[in-house]
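Read the structure below first, then the notes.
What follows is calculated from the coordinates using simple rules that are stated; it is not laboratory data. Keep in mind it's a predicted model, so treat the numbers as computed, not measured. Note that each Cβ is placed from the backbone with ideal geometry, even for glycine, and that neighbours are counted across all protein chains shown.
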């Protein structure tokens with residue numbers, strides 16, 4: 001039973017615990033197919049973001065010596 | 001009847017299993033991020049010892065979230081070996097998104113500054129690579145856990161070190177959730193002394209930083 005929690009934070013933590021127990025109690029195939037669906041689609045979406053290295057690293061607060069690109 | 005039920009229960013049990021104290025077998029369906037990591041480390045490990053730390057460790061072990069970057073420590077190597085590694089990555093379609101010049105990449109790594117590698121002309125996902133050139137980073141190599149997957153092995157730093165760093169050092173909501181995930185998943189298989197040792201290493205490193 002997944003308890004939604006009284007706050008967003010509590011709800012998130014409850015889900016983390018629920019999911020870790022789900023992994024422990026279900027076959028690897030069952031949980032990892034769901035993880036594959038979630039992660040692979042997120043990676044595809046992220047790859048569609050058009051940023052230059054300079055723009056990306058600026059967001060991260062990191063250095064870039066690639067001139068204007 | 002009862003025998004049948006227990007057989008089903010056994011089949012449905014988590015197959016994350018320790019083969020020995022340093023090896024974990026993981027029989028999951030590998031996702032796009034896992035495959036991306038395995039492709040990269042197959043090149044990396046030809047030239048240098050590596051260990052993966054932080055968020056991706058929790059994701060490899062089932063956490064239901066993605067990440068745009070995978071953190072990797074590599075052991076310090078000479079400029080010549082690093083040049084071969086850098087060329088090996090380039091030949092296999094990767095680029096350093098910070099800078100092209102290998103001399104500059106090596107210089108930054110030596111100064112303790114991480115650099116990011118991705119597939120050429122892409123930005124994410126990427127690998128944030130750093131030399132393990134201080135005591136805190138070196139400690140990640142103390143207990144390396146080899147995760148055996150369907151497509152090959154992945155070296156991660158110990159689960160206990162991950163938990164300690166996330167709970168006592170990084171401490172963001174995301175990091176605390178990663179730590180909870182690992183704590184619930186591994187439960188009594190965790191070595192509390194190792195968590196404590198990592199916590200003390202973090203505190204010592206912090207106190208050294210404060211003094212300087």
*Cα long-axis angle, helix B:2-12 against chain B (0 to 90 degrees, to the nearest 10)*: 10
*With a 10 Å Cβ neighbour count serving as the proxy for reagent exposure, in which order, fewest first, do B:96, A:64 appear?*
A:64, B:96
*asked:* Please list, short to long, the whole-number percent of alpha-carbon pairs of chain B in consecutive 10 angstrom bins beginning at zero.
replied: 8, 32, 34, 19, 5, 2, 0
_Degrees between helix A:28-47 axis and first principal axis of chain A (Cα, 0 to 90, nearest 10)_ = 20
*Provide the gained length on full extension for the span residue B:22 to residue B:78, in nm with one decimal, where the gain is 0.36 nm per separating residue minus the Cα-Cα distance.*
17.4 nm
*In percent, how large is the relative contact order of segment B:75-174, given Cα pairs closer than 8 Å and 6 or more residues apart?*
18
*How much of the DSSP beta bridge set in the protein assembly as shown is antiparallel, as a percent to the nearest 5?*
65
*FRET efficiency estimate (nearest 0.05) - Cβ-Cβ, residue B:211 to residue A:33, R0 45 angstrom*: 0.35
*Stick to Cα atoms and the Kirkwood definition of Rh, then tell me Rg/Rh for chain A.*
1.20
*Net lengthening on full extension, residue A:47/residue A:9 (0.36 nm per residue, minus Cα-Cα)*: 10.8 nm
*Post the alpha-carbon centroid distance, segment B:100-176 to segment A:1-24, in whole angstrom.*
28
_Run the numbers for residue B:101 and residue B:174: contour at 0.36 nm per residue of separation, minus the present Cα-Cα distance, in nm._
22.9 nm
_Radius of gyration and Dmax over the Cα atoms of the protein assembly as shown, both given in Å_ = 19.7, 71
*Rule-of-thumb check for segment B:25-82: C-alpha Rg over 2.2 N^0.38 Å?*
1.24
*Among B:59, B:202, B:19, which one moves the most in a GNM of chain B with springs linking Cα atoms closer than 10 Å?*
B:19
*Can you tell me the Rg and Dmax of segment B:111-163, counting just the alpha carbons, in angstroms?*
13.6, 37
*asked:* Once the cut-off is 18 Å, how many percent of the Cα-Cα pairs in segment B:132-212 end up in the long-distance tail?
replied: 47
*If the viscosity is 0.692 mPa s and the temperature 37 °C, what Stokes-Einstein diffusion coefficient in µm²/s follows for segment B:55-129 when Rh is the Kirkwood radius over Cα pairs?*
249
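At a threshold of 8 angstrom on Cα-Cα distance, excluding pairs fewer than six apart, so keeping six or more, what relative contact order does chain A reach in percent?
Averaging sequence separation for qualifying contacts and normalising by length gives 16 percent for chain A.
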_At 7 Å along Cα-to-Cβ for each site, give me the label-to-label distance between residue B:92 and residue B:193 in nm._
3.8
